[in-house]
Amino acid sequence: MSDSAGERRPIDCVEVVAKVGPPAATRIAGDLIAWLQRRGIRVHSEVREPTPMGSGESAEPSPTIVDGVDLVIVAGGDGTFLAAARSAAPRGIPVLGVNLGSLGFLAELNPDELFAGLDSVLEGRYTIEERQLLRVRQLRNGAPGEEHAVVNDAVLSKSALARMIRIRVEVDGDHVATYTSDGLIVATATGSTAYALSAGGPILDPRVNAFVLAPICPHTMTYRPLVVPGTVTIDVSMRDLDDNPDTEVYLTLDGQLGSPFTEIDRLIVDSHPRPLRLVRVSGRGFFEVLRRKLRWGAR
């Protein structure tokens, strides 16, 4: 999606979302809150405890963002950022990430750049980069379920001991394939550098309006990852689960929100009407981030 200098508003109220655990995160969150308050900015904060996988339906529930927030600042890794972005994006609130994780594709600033970067933001010297999101709906026996804004990907996958599953995919009503595989990833251009990349999918420039369909370990090697326009509607359903009653299939969103998926369910994915609005102030482009994070050119 394109960069935009428009739709910037004065920043009077900030929500700080920080992941506790590493001492650096707690220290930076405290310093950040104090720094903002000294400049007359109203601050709301949410300090999030690490939540182990398997502890419930959500490994990283989205934070509650209060009304009137002009900017969300996330201090943590990509997981904390994804959770905050799912809450902020549908409300049009821009998000600024401070990378405290090991990879940090989505974060804009490193800790040593934080306060100089924030000075630029408060003075209006920044741009807004819009990223396309997935709108994901799980229909249970034809009835519409909860709607989610998803930053990276929606994944259907089998349980650890199950046989391969059969997944039928339609794009705008046209039958694409019925995959026999361990699962299927539907990813945004942003999510092309996440799980879809591990499944052999292509890296998309995040400005591209497109989705990636990537089967996970397909039975037939001729099934390859597929790029489709970001304007289409993707309809996903299961086949032949009744023949394997012990097989369990799960839908996972951004690697964080999960629910069981059965043969009477359908997954409907299209473009969310509201993009994720990322604050850009460092001057680093996407390809510079790729070179650094993926160590392109390193010996």
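The values are calculated or read from the model by the stated rules, or taken from the named source; none is laboratory data. Please read these numbers as outputs of a predicted model, since none were measured by experiment. No Cβ is skipped: glycine too gets one built from the backbone with ideal geometry, and neighbour counts run over all protein chains shown.
For segment 108-130, enumerate the residues that are among the acidic types (Asp, Glu) and farther than 22 Å from ALA34 by Cβ.
Within segment 108-130, GLU129, GLU130 qualify.
Consider ARG207 carefully, then state whether it is basic (Lys, Arg), modelled with pLDDT under 95, outside the structural domain of LEU82 (by TED's automatic domain parsing) and not in a strand (DSSP E or B).
yes
Mind checking which residues of segment 31-70 are of a type in the set (A, V, I, L, M, F, W, C) and either closer than 15 Å to ALA85 by Cα or modelled with pLDDT under 85 (or both)?
Of the residues in segment 31-70, the ones of a type in the set (A, V, I, L, M, F, W, C) are 32-36, 41, 43, 47, 53, 59, 65-66, 69.
Matches in segment 31-70: VAL47, MET53, ALA59, ILE65, VAL66, VAL69.
Name the single residue that is nearest to MET238 (Cα to Cα) among those in segment 127-158 being in contact with a His (Cβ under 7 Å, 6 or more places away or on another chain) and assigned to a strand (DSSP E or B).
At the first step, the residues of segment 127-158 found to be in contact with a His (Cβ under 7 Å, 6 or more places away or on another chain) are 133-136, 149.
Of the ones still in play, those that are also assigned to a strand (DSSP E or B) are 134-136, 149.
Working: LEU134: 20, ARG135: 20, VAL136: 16, ALA149: 22 Å.
Ranking the qualifying residues of segment 127-158, first place goes to VAL136.
Listed residues THR222, THR247; which is in contact with a helix residue (DSSP H, G or I) (Cβ under 7 Å, 6 or more places away or on another chain), outside any strand (DSSP E or B) and closer than 20 Å to ARG168 by Cα?
Only one candidate qualifies: THR247.
Would it be correct to say that GLU263 is modelled with pLDDT under 95, in the same structural domain as ILE185 (by TED's automatic domain parsing), charged (D, E, K, R) and touching a helix residue (DSSP H, G or I) at 6+ places or on another chain (Cβ under 7 Å)? Show your work before the answer.
Details: modelled with pLDDT under 95: yes; in the same structural domain as ILE185 (by TED's automatic domain parsing): yes; charged (D, E, K, R): yes; touching a helix residue (DSSP H, G or I) at 6+ places or on another chain (Cβ under 7 Å): yes.
Against the criterion (modelled with pLDDT under 95, in the same structural domain as ILE185 (by TED's automatic domain parsing), charged (D, E, K, R) and touching a helix residue (DSSP H, G or I) at 6+ places or on another chain (Cβ under 7 Å)), GLU263 qualifies.
Sort through GLY283, GLY258, GLY201, GLY191 and tell me the only one that's outside any strand (DSSP E or B), closer than 25 Å to GLY145 by Cα and out of contact with any Lys or Arg (no Cβ under 8 Å at 6 or more places or on another chain).
GLY191
Yes/no matrix, rows are residues, columns are (1) more than 29 Å from PRO63 (Cβ to Cβ); (2) hydroxyl-bearing (Ser, Thr, Tyr); (3) without any contact (Cβ under 8 Å) to a residue 12 or more places away in the chain:
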residue	(1), (2), (3)
THR247	yes, yes, no
LEU257	no, no, no
PRO260	no, no, no
VAL269	no, no, no
PHE286	no, no, no
TRP296	yes, no, yes
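Please determine whether any residue of segment 87-97 is more than 27 Å from LEU290 (Cβ to Cβ), touching a His at 6+ places or on another chain (Cβ under 9 Å) and either in the same structural domain as GLU288 (by TED's automatic domain parsing) or surrounded by fewer than 19 Cβ atoms within 10 Å (Cβ to Cβ) (or both).
Looking for residues that are more than 27 Å from LEU290 (Cβ to Cβ), touching a His at 6+ places or on another chain (Cβ under 9 Å) and either in the same structural domain as GLU288 (by TED's automatic domain parsing) or surrounded by fewer than 19 Cβ atoms within 10 Å (Cβ to Cβ) (or both), one finds at least one in segment 87-97, hence yes.
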